[in-house]
Ligand SMILES: *Cc1c(COP(=O)(O)O)cnc(C)c1O
């Protein structure tokens with residue numbers, strides 16, 4: 001059997017071990033230290049805005065802290081893009097609040113500004129004003145930043161920007177991760193860069209960053225003994241993991257280029273196929289890191305389905321996966337309100353994510369082509 005080709009696997013740049021070695025040499029084996037500080041400032045420089053970064057143990061932890069910092073409590077409602085990974089929505093429930101799911105629009109596959117506004121108006125009328133909006137840049141594709149911001153500002157609701165999949169993506173030349181009132185990043189094993197596990201909260205002010213670090217380190221008040229006036233969490237990033245992150249930052253742009261080349265590879269491959277569309281930017285305002293390349297299959301034109309492609313790839317030990325199943329269709333969220341039509345649902349039914357890693361070799365691409373060519 002050929003070795004497995006993954007959707008997206010870790011791709012080390014080379015210097016990661018040096019930073020980890022340094023952590024050992026200096027005995028900084030802790031959830032703080034020079035790599036944590038260094039990784040934060042690398043990210044701040046990369047994002048190239050006035051934003052501040054708090055390195056955390058995961059993107060999920062960052063979302064949880066964002067909700068806490070926006071004062072989300074039991075009984076509140078929070079709007080969340082329905083088509084996303086469950087980690088976008090779960091922290092709403094950790095706070096005892098209710099997620100209100102909103103459909104996608106077909107251009108970026110992200111939260112639809114029209115349904116968003118409809119949801120806000122209806123919640124205000126029927127229940128209460130939502131406390132926050134969680135908008136996601138799926139697969140690295142920026143959501144409609146200006147349109148979503150306009151709606152959020154009109155109703156004075158803060159945006160939590162879930163940029164877990166979109167480090168290095170840009171909208172109108174500005175970096176994803178800098179559009180939220182609070183924003184989050186993820187460095188899980190399958191993301192565009194990895195610290196093996198990790199995440200970050202991006203804030204507008206230093207005071208907000210300090211608050212996030214305070215909450216992430218058990219909310220210890222300033223006292224010689226352990227003194228607490230708030231509930232804290234153990235959410236800080238380890239200095240070992242941050243060392244991997246520092247090495248990864250050195251190759252981030254090069255790896256994005258390789259992911260974009262994978263997108264081009266599939267665009268060329270499917271160029272002549274009537275009924276298969278490769279997900280790509282809807283206009284020049286958008287620049288995706290193409291974390292994952294996705295296709296949609298119109299089986300009435302092709303004569304075969306996305307699922308048939310997936311099964312064929314699987315037979316040859318090549319991983320592919322349906323698109324994110326919308327949260328409003330998940331059993332665990334079946335009682336949550338939903339606003340929208342069937343855009344996300346249709347994408348889920350007809351879409352497929354293809355192997356997109358920056359570390360795929362020519363032989364891997366040849367194996368992918370040989371399986372896919374039976375469909376071309
Ligand atoms: C990966 C991911 C997260 C969660 O990040 P973790 O670091 O795995 O906790 C949140 N939202 C989206 C859209 C993701 O893809």
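Assorted remarks:
- Candidate set from the range 74-93 (those that are without any contact (Cβ under 8 Å) to a residue 40 or more places away in the chain and either assigned to a loop (DSSP other than H, G, I, E, B) or closer than 16 Å to residue 335 by Cα (or both)); member that is farthest from the ligand (Cβ to nearest atom): 75
- The single residue among 147, 156 that is surrounded by fewer than 24 Cβ atoms within 10 Å (Cβ to Cβ), in the same structural domain as residue 106 (by TED's automatic domain parsing) and under 19 Å from residue 109 (Cβ atoms) turns out to be 147.
- Cβ separations smaller than 6 Å between residues 6+ apart or across chains give no pair from the range 103-123 residues that are within 21 Å of residue 283 (Cα to Cα) and not assigned by TED's automatic domain parsing to the domain that holds residue 140 to residues that are modelled with pLDDT under 95 and in a helix (DSSP H, G or I).
- Options 358, 280: the member that is without any contact (Cβ under 8 Å) to a residue 40 or more places away in the chain and within 25 Å of the chain's Cα centre (by Cα): 280
- Inter-residue pairs, beta-carbon under 8 Å, first closer than 13 Å to residue 279 by Cβ and in the range 249-266, second modelled with pLDDT under 95 and part of a helix (DSSP H, G or I), 6+ apart: none
- Failed condition for residue 296, given (1) over 21 Å from residue 270 (Cβ atoms); (2) not in a helix (DSSP H, G or I): (1)
- Residue list for the range 94-116, restricted to those being away from the ligand (no atom under 16 Å from the Cβ), surrounded by fewer than 19 Cβ atoms within 10 Å (Cβ to Cβ) and farther than 25 Å from residue 352 by Cα: 96, 114
- Of the criteria (1) touching a residue at least 24 places away in the same chain (Cβ under 8 Å); (2) more than 18 Å from residue 194 (Cβ to Cβ); (3) surrounded by 11 or more Cβ atoms within 10 Å (Cβ to Cβ); (4) in contact with a strand residue (DSSP E or B) (Cβ under 8 Å, 6 or more places away or on another chain), which one residue 245 fails: (2)
The values are calculated or read from the model by the stated rules, or taken from the named source; none is laboratory data. Just so we're clear, the structure is a prediction, and the values are computed from it rather than from any experiment. Virtual Cβ from ideal backbone geometry, glycine too; neighbours counted across all protein chains shown.
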